[in-house]
Each structure stands twice: as structure tokens, then as C-alpha cells.
Amino acid sequence: DLGRTLQVADLLLTMAEINGHPAHRALGLMAKAHARSYGGLGEYAYAIQLLDEAADIYAGLDRPVDQARSQIAKVWLLALLGRYEESLSTGQWASDILEDNEEWLLLAKMSSNLGLVNFRLGRDDVSLALYDKTKALYQRLSDDPVAQRALGRVEQNRSEALRNLGRFDESIETSRAALEILVRTGQSADAARARQNLGVTYFCLGRYNEALDLFDQARDFFIADGRHRDAILVELFTSDCLLQTRRFADVLAKCNQVRERFTELGMRLEVGQAILNEALAYAGLHRYEEGLESLDQARSLFQEEGNEVWVALADLETAAFLCRQGRY
């Protein structure tokens, strides 16, 4: 419930203003940052500012564990904005503090976010190792209900890495395990993401109708819950399926919508992915020059992002375009 979450965050900040306690303000800043980013609103740069202010407060109070805790969410937000080196260095710094202080629950959360960063960079084996570490830490905290709820999200992340490593049966099994935990524990937004994730795996296996059905379920939930960033991301995955079913005009319409939204959010990787799909749709319509222009735009964005995997994919698709034109 994003509306109530933001109300509570503002209440925390108001209380801190009244009582003059800086640590209370830091809590309010963190709560507001999480709602503005993880809630699907996509205000990543603003959330980073809030988290940095909280970290500065904790540093001034000589509370290193809380300072490190304030940076857990920031690690993922930096990655979404393409600031990977800063993300990884921040994550390592905070992880060292949390491990030294035996804060296993917080360390697990950080390990999970570092896994997400490496996954985004295409380092699937590294991300899976980090997710496995996270899972082991949560299982170690068998009496902690927060850790047990978090297992569903970890399993979901593991399923994505397994899929990218070509271990499809394990990925599907892990996705279903994640969905069962998330539904049972009432984590409806993450359950929707698990359906989306399973849909991506079905797409990879050519099971397009099953994939589209799961994407529709996820998108409908996100729209109803006010998670517009998440809903538009589903449209990007949907466009992958539409390409395979040769619905090229629909792909162009969806990709245009995705481009506009993620450009506003400053997310170059997703903008580039939408432009890449746009290019493939142009190829299906034999509009090769427009397609090559789109591929060039996508490649430039991937290059700016520092994402070598997607740069290589753009090069591969460019070669395929040139072959179609007989430009061997």
C-alpha cells in the first residue's frame, strides 16, 4: 500500500522534526526512499539523495551498522541508473561492516542486492553465487520471520540466474517454489514479479501463450496497485513475445511507450532494450534502414551503460541486418 507507506514515512519525519532526534529523521528518510523506489514509483535519484542524508546522520552519530544499513537499497538504485562501479564499491564497503558486526540478516539483504547488480551486468554465475550465499544466510536465521519471508524473493532471483545459465528445469522449479512462498506469506507484489519471471522463462522455451498469460496477470496487478514502473516493464517483456508471433506493429507501439517512460526514469538499459526490440520489429516489416538507426541508438545506450553483454547483442543483431541486405 504505497499511499499509506508514504503517509507513515512523512509521519516519522514530522515526529523527528518535533522531537529533534536525528536518528528518527534518518528512519523517516529511509522509509520514504524505499517507498519512492522499491514501491514501483521509480524515483531513483531522489531516493538515493534521501538514503545518503540518512547515512550522513548515522555517520555523525557514530553508528556504522545503521550507516551501512542505509546503503543496502542504494546499491540497487545506483545500478538502475548505470552507476555500477559506485554500486559495487558501496556494497562491498557496507558488507564488510555488516559482516564484522555479525549482522547476518542485513548482510543477506546486501548480498541479494549485489546479486541483482551482477545479474544486470550479465554476470549470471556471479549473481547465482551471491543468491546462494543469501539463501544460506536466511536459512541460518530459521527463527526470524523476516528472513523466512525473504526466502521467496531469493528463490525468485535464483530462478532468473538459473534461466540465463540455461538450466531451465531448475529455473521453473525454483520459480514455482518462490511463487508458493510469496503467495503463502501475502507478498502480492513480489508474487506478481514471480509470475512475470516465470513468463520470461516460458518465453525462452518458446511457450509464448503461457508467457503472455503470465505477463497479463502481472501487468494487471501492477496497474491496479499503482506500480506504473513495474507495469511498463512488463510491456517490454510482452514485446519480446509479440516479436516471435510477428505482431510487429504492436511491438512498435509498446516499445515507444516503454522508451518514453524509462527515459523519464533515467534507465538507459531498459530504454536500449526497447529500442533493440523496435529495431527487430522494423526488420520484420523490411524497414531495414530505420532498423539500423534504432540498433545504433540502442548500442550507444548500452555503451554508455557500460554493459558489454548488451553491446555484443546489438552488434550481433546489426550483423544479421546487414546479412539480410546482402552486405556480407
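Annotations
- Summing Cβ point charges (Lys, Arg +1; Asp, Glu -1) relative to the Cα centre of the stretch 161-247 gives a dipole of roughly 160 debye.
- Shape of the stretch 258-328, Cα gyration tensor, a/c cut at 1.5: oblate
- Rounded to the nearest 20 debye, dipole of the chain from Cβ charges on Lys, Arg, Asp, Glu: 620
- Accessible area of Asp124 (1.4 Å probe, protein heavy atoms only, ligands and nucleic acids ignored): about 20 Å².
- Residue-averaged [θ]222 nm for the chain, counting only DSSP H segments that reach four residues, each worth -39500 (n - 2.57): -28000 deg cm²/dmol
- Normalised contact order of the stretch 214-303, rounded percent, pairs of Cα under 8 Å and 6 or more residues apart: 22
- Tilt relative to the chain, helix 145-164 - C-alpha long axis, 0 to 90 degrees, to 10: 20
- Rounded tilt (10° steps) of 168-184 against the dominant C-alpha axis of the chain: 40
- One quarter of the convex hull surface built on the alpha carbon atoms of the chain amounts to 16.9 nm², the projected area averaged over directions.
- Note on His24: accessible area is roughly 80 Å² with a 1.4 Å probe, heavy atoms of protein only.
- The value obtained for the stretch 131-187, namely the Cα convex hull volume divided by the number of residues, is 61 Å³ per residue.
- Hydrodynamic radius by Kirkwood, which averages 1/r over all alpha carbon pairs of the stretch 207-311, in angstrom: 14.0
- Between 0 and 90°, nearest 10: helix 104-120 axis offset from the chain longest Cα axis: 20
- In the assembled protein chains, Trp93 presents an accessible area of approximately 100 Å² (probe radius 1.4 Å).
- Put simply, the C-alpha atoms of the stretch 235-277 give a gyration tensor, and the ellipsoid matching it has half-axes of 19, 9, 7 Å, longest first.
- Of Asp52, Asp296, the residue with the largest accessible area leads and the full order is Asp296, Asp52 (1.4 Å probe).
- Along the axis of the charge dipole computed for the chain (Cβ charges of +1 for Lys and Arg, -1 for Asp and Glu, origin at the Cα centre), the listed residues Ala68, Ala177, Ala312 are led at the positive end by Ala177.
- Our summary of shape: the Cα atoms of the stretch 57-166 have principal axis extents of 47, 36, 18 Å, ordered from largest down, in whole angstrom.
- Mean separation of Cα contacts under 8 Å, 6 or more apart, over the residue count of the stretch 78-144: relative contact order %: 28
- Ordered by 1.4 Å accessible area with all protein chains kept, Glu99, Glu270 run largest first as Glu99, Glu270.
- Cα gyration tensor of the stretch 107-148 - equivalent ellipsoid semi-axes, whole Å, descending: 22, 9, 6
- Taking 0.36 nm per residue of separation and subtracting the current Cα-Cα distance, fully stretching the chain between Thr263 and His228 would add 11.2 nm.
- Per residue, the average separation of C-alpha pairs within less than 8 Å and at least 6 apart gives the stretch 252-322 a relative contact order of 27 percent.
The values are calculated or read from the model by the stated rules, or taken from the named source; none is laboratory data. On a predicted model such as this, the values are computed, not experimentally measured, just so you know. Positions of Cβ are generated from backbone atoms using ideal geometry, with glycine treated the same way; all protein chains shown enter the neighbour counts. Heavy atoms of the whole protein, side chains included, go into the accessibility calculation; ligands, DNA and RNA do not. Shrake-Rupley method; radii C 1.70, N 1.55, O 1.52, S 1.80 Å.
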